[in-house]
Amino acid sequence: MNDLIIRSATLEPTTFNADSRTVAVVFASNTPVRRLDLDGAYEERLDMNQSAVDLSELVGGPVLNSHNRSDVNAVLGVVESAQVDGERGTATIRFSERATAIMSDVRQGILRNVSVGYLVNQRRVDKDPTTGVRTLTATRWTPKEISFVAIPADSTAKVRGELMEQTNENEIRVIAQIAGLQADDLIARNLTLDQARTEAFDAMKRRAGPPIRTAQPTTLAAGYDDPMFLRTAMADAIYTRMNPAHQPGEAARPFIGRSMVRLAEEVLRLRGIELIGLSDGGIVDRALHSTSDFPLLLGDVANKVLREQMAAAPAAIKQICRQATIPDFRNRYSLQIGEAPTLMKVGENGEFKSGTIGEGRESYKLDTYGRIFAINRQSIVNDNLGAFSDIGRLFASASAQFEAQFLVDLLTANNGIGPVMSDTKKLFDAAHGNLAASGAAISDTTLAAARLALRSQKGLDGKTPLDIASKFLVVPAALETTAEKYLAGIYPAQAANVNPFAGKLILIVDPRLDVKSATRWYVAADPNLVPSIEYSYLSGQEGVQVESRAGFEVDGLQIRARLDFGAGALDYRGVYANPGA
């Protein structure tokens, strides 16, 4: 996505209409703005004539909080209408009902700073022969959004993204060298990377002579010119080839059976990029490097495979844990609710008496984990779908293994008695009533003791029994057969031989526990009732997230897997440990 350029706009609080929640703004004018690039200072002007300004994306576009385009909660409203008159552009914006506080500040004149975000599609560069000052006039430009900001945008625009601009300049110089263009000219016109690539391809196309055009069937209906719609349809078609049991959507049907090279060709054709004379390898090269559509498409395919693989092989140990989400990377403090106060009869005067609820306090936080994998260019040209299956399988397996190991390490910390709780005791402690006095093998007697220990747990006042039912028996692989014997259903001839635990506990076996201890076993309650251990993902980023881009260090596609994950012990009363024997 291209970076939006931003500049100050003018708010007119006197036009605020409380009934419609609207207010008028001047979102741009032809007044020059001083900016800075690698060649020094220049003045930027915006052509405010109707022929120069594309308002199609601004009308109906978002009103944001400080140009935040990554969070739906940052959307404060919508642009109802917009127009230009040759000297300035005006707009009417309508606030969302969620933006009550900001709307109130606007109405009172407290919040006055407004900024517009826009893309420059075409510039004209002039230079004053006397002063040498450059003027860059945006002769075609597209406003995208209007934002309320704490500080006017122009004061920060001068230092915006200098590192990114340096990186972009280096890439533009490489593009210019390949295409035989003057890099300084491309940079002076402040072209984006996509604009520089387009100009480079146009130059190479002109040198190759006019293309020989052949009639192409118009097989695609309206809607496929939307890049996201097209990517989704093509990814669905590729995934159908990888998983014949998958039922594709209707939009995918024109692409089912096409190779990745032919899909790359379609992406380029719909982008208006010439393909005459290109080999399959050349088509893939151009699709990877001239537009982000094709790398994102392949990333969508890898993501589909990943989700399928992750759903097929979840980590068993997660069954004793509660899943949650956290909005950021700060510590999550979870309240350990104690018993509710005893209900009391309401007197004749209708008075309800107050009570208190005890609380404990435990915390943990998220961290970010990840790796980068690559699919080489040859695999794409050869239509090797197995490469995507392998990537999905590896990511899913690595994620499941990592999360399971994380939870096992938490459960078995400190030589098997768990992490330190807020009361300075370990998760499993005699004072918590959830640790066997001495280690013993699984038997009717020891299982009964474990179950009784959970039933006997008290509230935080140490008095009220919580009556916690056992649900899981967690063992290392070395104890799997032994555990199965004590959980199996049998049909005894005598009542004394009845197995009291048949069908009462769900068995969870994790071989990672063997590394810590081949004898220690655990009993746990339903985590939805007593969340003893909790694991979390970043909100909106549940599980491994896959991103893709054309490779720079490798010849092909780079796929990055990122996991924002954390876990912590919240309540000792829902788990029990026996060191075993």
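Kindly state which strands (runs of 3 or more DSSP E) lie completely within the stretch 49-147 and contain at least 3 residues that are within 28 Å of Ala188 (Cα to Cα).
113-127
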Test Asn528 against the criterion of being surrounded by fewer than 22 Cβ atoms within 10 Å (Cβ to Cβ) and within 30 Å of Ala430 (Cβ to Cβ), and give yes or no.
yes
Considering Ala237, Ala221, Ala252, which residue is at pLDDT below 65 and out of contact with any strand residue (DSSP E or B) (no Cβ under 8 Å at 6 or more places or on another chain)?
Ala221
Quick one: in the stretch 268-326, which of the residues that are hydroxyl-bearing (Ser, Thr, Tyr) and at pLDDT 75 or above is nearest to Val530 (Cα to Cα)?
Thr325
Return the pairs, sorted by first residue and then second, in which the second residue is modelled with pLDDT of 90 or more and not charged (D, E, K, R), the first residue lies in the stretch 304-326 and is within 18 Å of Asp236 (Cβ to Cβ), the beta carbons are less than 6 Å apart, and the residues are 6+ apart or on different chains.
none
Could you pull out every one of the strands (runs of 3 or more DSSP E) wholly within the stretch 537-578 that has 3 or more residues that are under 30 Å from Lys463 (Cα atoms)?
556-569, 575-578
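Output the residue which, of all residues in the stretch 465-483 that are part of a strand (DSSP E or B) and in contact (Cβ under 8 Å) with a residue 12 or more places away in the chain, is surrounded by the most Cβ atoms within 10 Å (Cβ to Cβ).
Checking each candidate, the answer is Val474.
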Have a look at Asn168, Asn113, Asn190 and point out the one that is modelled with pLDDT under 85, under 30 Å from Asp19 (Cβ atoms) and not small (Gly, Ala, Ser).
Asn113
Would you call Arg45 modelled with pLDDT under 85 and over 36 Å from the mean Cα position of the chain (by Cα)?
no
Report yes if some residue within the stretch 269-282 is surrounded by 14 or more Cβ atoms within 10 Å (Cβ to Cβ), without any contact (Cβ under 8 Å) to a residue 40 or more places away in the chain, of a type in the set (D, E, K, R) and more than 20 Å from Val305 (Cα to Cα); otherwise report no.
yes
Taking the conditions exactly as written (under 19 Å from Ser29 (Cβ atoms), surrounded by fewer than 16 Cβ atoms within 10 Å (Cβ to Cβ), of a type outside the set (A, V, I, L, M, F, W, C) and in the same structural domain as Asn30 (by TED's automatic domain parsing)), does Asn49 satisfy them or not?
yes
Every residue from the stretch 393-408 that is among the charged types (D, E, K, R) and either in contact with a strand residue (DSSP E or B) (Cβ under 9 Å, 6 or more places away or on another chain) or buried (at least 19 other Cβ atoms within 10 Å of the Cβ) (or both):
Glu403
Within the stretch 237-249, does at least one residue satisfy the condition of being touching a Pro at 6+ places or on another chain (Cβ under 9 Å), among the aliphatic types (A, V, I, L, M) and under 18 Å from Gly392 (Cα atoms)?
yes
Counting only residues that are polar (S, T, N, Q) and more than 26 Å from the chain's Cα centre (by Cα), the stretch 54-86 contains a total of 3
So, in the stretch 57-91, of the ones that are hydroxyl-bearing (Ser, Thr, Tyr) and touching a residue at least 40 places away in the same chain (Cβ under 8 Å), which residue ends up surrounded by the most Cβ atoms within 10 Å (Cβ to Cβ)?
Thr90
Condition broken by Ile372, with the remaining ones in (1) farther than 30 Å from Val546 by Cα; (2) modelled with pLDDT of 75 or more; (3) of a type in the set (Val, Ile, Thr) satisfied:
(1)
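The values are calculated or read from the model by the stated rules, or taken from the named source; none is laboratory data. All values derive from a computational prediction rather than experimental measurement. Ideal geometry is used to build each Cβ from the backbone, glycine not excepted, and the neighbour counts take in all protein chains shown.
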